[in-house]
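First comes the structure, then the notes that go with it.
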Amino acid sequence: MTQKILAAAAGLEKVEAGQLIEANLDLVLGNDITSPVAIKEMDKFKVKGVFDKDKIALVPDHFVPNKDIKSAEHCKCVREFARKNEITNYFEVGEMGIEHALLPEKGLTVAGDVIIGADSHTCTYGALGAFSTGVGSTDMAAGMATGKAWFKVPSAIRFRLTGKPSKWIGGKDVILHIIGMIGVDGALYKSMEFTGDGITNLSMDDRFTIANMAIEAGGKNGIFPVDRLAKDYMKEHSKREYKIFEADEDAVYDEEYTIDLGALRPTVSFPHLPENAHTIDEIRQMDPIAVDQVVIGSCTNGRLDDLRTAARVLQGRHVAKGMRCIVIPATQAIYMQAMEEGLLRTFIEAGAVVSTPTCGPCLGGYMGILAEGERCVSTTNRNFVGRMGHVSSEIYLAGPAVAAASAVTGEISSPEDLGL
Amino acid sequence: MNAKGTVFKYGDNVDTDVIIPARYLNSSDPAELAAHCMEDIDGEFIKKVKKGDIIVANKNFGCGSSREHAPIAIKAAGVSCVIAETFARIFYRNAINIGLPIIECPEAGRGIDAGDEVEINFDTGVITDVTKGTSFQGQAFPEFMQKIIASEGLINYINNQ
């Protein structure tokens, strides 16, 4: 599927794994950390200006609202660049959101697109059947200037999803299970293609979560077929024409895995790699793991489904004494909807705090930094050493159901432990 | 083109958060980034590293975020080349784009130890461990990559064309 999209974008009939191609880009994305470096690089270009002011998205989301003077300078640099080049899709505080939740919501990413973003989780848009991948700032600069990027065509691994997930299982459990199975370099340089009739049992938000974490297995991209649900999503959010590409019946895969969604259990990845996945049943056999903080949010799990799941667990309950529970709706629209549905009230009554959209705590920026030896259950995507704060702090990655239940009990738990 | 230096050795999955922690990403100044390079896994690195030194690692070096600040920090710290069994793909691309030489060579990644003196010939791809008297065949840099590195990065290379 990926190969077909890349062939079309390169103007070729077909491409093969390993082939180097130059493809036209439908969107080039950057944030407040990566764009300033790209903008500095663009100044070096002899040819000035951007290739298409409508096909660049600049989303200051990592350290905004500005956390300190240096971040403020970075954001100013991005803002001025956007103004000077009349970038249509620049999102200021007040209209922004976490980039990978915001862009699909704004209809800027649709099936068949080729998208590069100077953020590793750009692979999220594969949930809509687009080819999207993370790059660095120099590639972003070259993309903004020329509208093109070179790629080595990846080979693919197929994950055939079957069955129906049980009540508290979401996209995060699926992808943590997969990364646990193949490892953090299990899909290195490759495309992760998700297929199978189980996909119909996954919401769009589940799929965004799964595609989002393809990079955590080393993948170049993650991609889903475009079904009715994906089409409905695009119709609702975008005016753009989408192009559907389908994998051939006899498509060649490097490896194939079958995953029965019905057999999955709530899954948690232990420090310090996303591949250290354990089911809740395994965790119950261990000594209790006490937790200081819970974060529910990020480009991985800050969408409406995630907040609804967390609220179902927190409804009528209170977070454990001494627990800091931080909830971050990923976009302003999600924030608003959560407010209308009463989810924010549920969180606040449960003793959680609700923040404006930001990537802040996920990468140890601000809004929930961990002290020495502290432990956090987080719905984010990385649990590397020092990722959320002190080098001796620990991050346990989980979905919103486990995160919310852990906030209530004060140790790693699932909603089942609350009788839910 | 050649490089020669002392080796700093690391294991599997050295991620971009330990190469340059995000708490320093409010800066994009190479010297400032270099001052914190590797500090979360090796506090001694920045005190000991000399111009020309070489990083050798095992699998999946540079996994994690797309921050170009990671290869920028390594390059600005004076490192002349990174050798690893495998690299994460975004790091690989970024390193080439900013003109930091990197070589994927599983045997060298496994066979070279910390403190070894290593010489690299970029034209032939031959990596020599002078201390041990062993050598490894890495991939030679194609001409265009050598030019990108000589131009100190992709943008200058494009401008020079």
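By the count of other C-beta atoms within 10 Å, a proxy for reagent exposure, A:Ser166, A:Ser132, B:Ser135 are ordered fewest to most as A:Ser166, B:Ser135, A:Ser132.
A Cβ-based charge dipole, computed about the Cα centre of segment B:1-77 with Lys and Arg at +1 and Asp and Glu at -1, lands at about 360 debye. Ranked for footprinting exposure by Cβ neighbours inside 10 Å, fewest first, A:Glu341, A:Glu105, B:Glu143 give B:Glu143, A:Glu341, A:Glu105. Across the options A:Ile21, A:Val50, A:Ala8, the greatest Cα extent toward the positive end of the charge dipole of segment A:4-68 (unit charges at beta carbon of Lys, Arg, Asp, Glu) belongs to A:Val50. Summing charges over all other residues whose Cβ lies under 13 Å from the Cβ of A:Val93, with Lys and Arg as +1 and Asp and Glu as -1, gives -1. With a cut-off of 10 Å between beta carbons, the residues surrounding B:Ala77 carry a summed charge of +2, where Lys and Arg count +1 and Asp and Glu -1. Since only A:Leu102, A:Met181, A:Thr267 are under comparison, the one whose Cα sits farthest along the positive direction of the charge dipole of the protein assembly as shown, derived from C-beta charges on Lys, Arg, Asp and Glu, is A:Leu102.
Counted over segment B:24-140, the DSSP beta bridges are approximately 50% antiparallel.
Take every DSSP beta bridge with both residues inside the protein assembly as shown and express the antiparallel ones as a percent of the total, to the nearest 5. If I count the DSSP bridges inside the protein assembly as shown, around 30 percent turn out antiparallel.
Each Lys or Arg adds one and each Asp or Glu subtracts one; over the other residues with Cβ under 13 Å from the Cβ of A:Thr356, this totals -2. Mean separation of Cα pairs under 8 Å and 6 or more residues apart, divided by the residue count, gives chain A a relative contact order of 17 percent. Taking one quarter of the surface of the convex hull spanned by the alpha-carbon atoms of segment A:1-92 gives a direction-averaged projected area of 7.5 nm².
Remark: segment A:202-241 carries a charge dipole of roughly 200 debye about the Cα centre, counting +1 on each Lys and Arg Cβ and -1 on each Asp and Glu Cβ.
Trypsin sites (Lys or Arg not before Pro), restricted to segment A:133-182: which are DSSP loop and have at most 12 other Cβ atoms within 10 Å? Hits after loop and neighbour filter: A:Lys167. Rounded to the nearest 20 debye, the dipole size of the protein assembly as shown about its Cα centre is 1100 debye, using +1 on the Cβ of Lys and Arg and -1 on the Cβ of Asp and Glu. Counting neighbouring beta carbons within 10 Å and listing from fewest to most, the residues B:Phe87, A:Phe51 come out as A:Phe51, B:Phe87. For chain B, relative contact order (Cα pairs under 8 Å, six or more residues apart, normalised by length) works out to 24 percent.
Each value in this text was obtained by applying a stated rule to the coordinates, not by laboratory testing. Note that this is a predicted model, so its numbers are computed, not measured. Backbone-built Cβ (ideal geometry, glycine too); neighbour counts: all protein chains shown.
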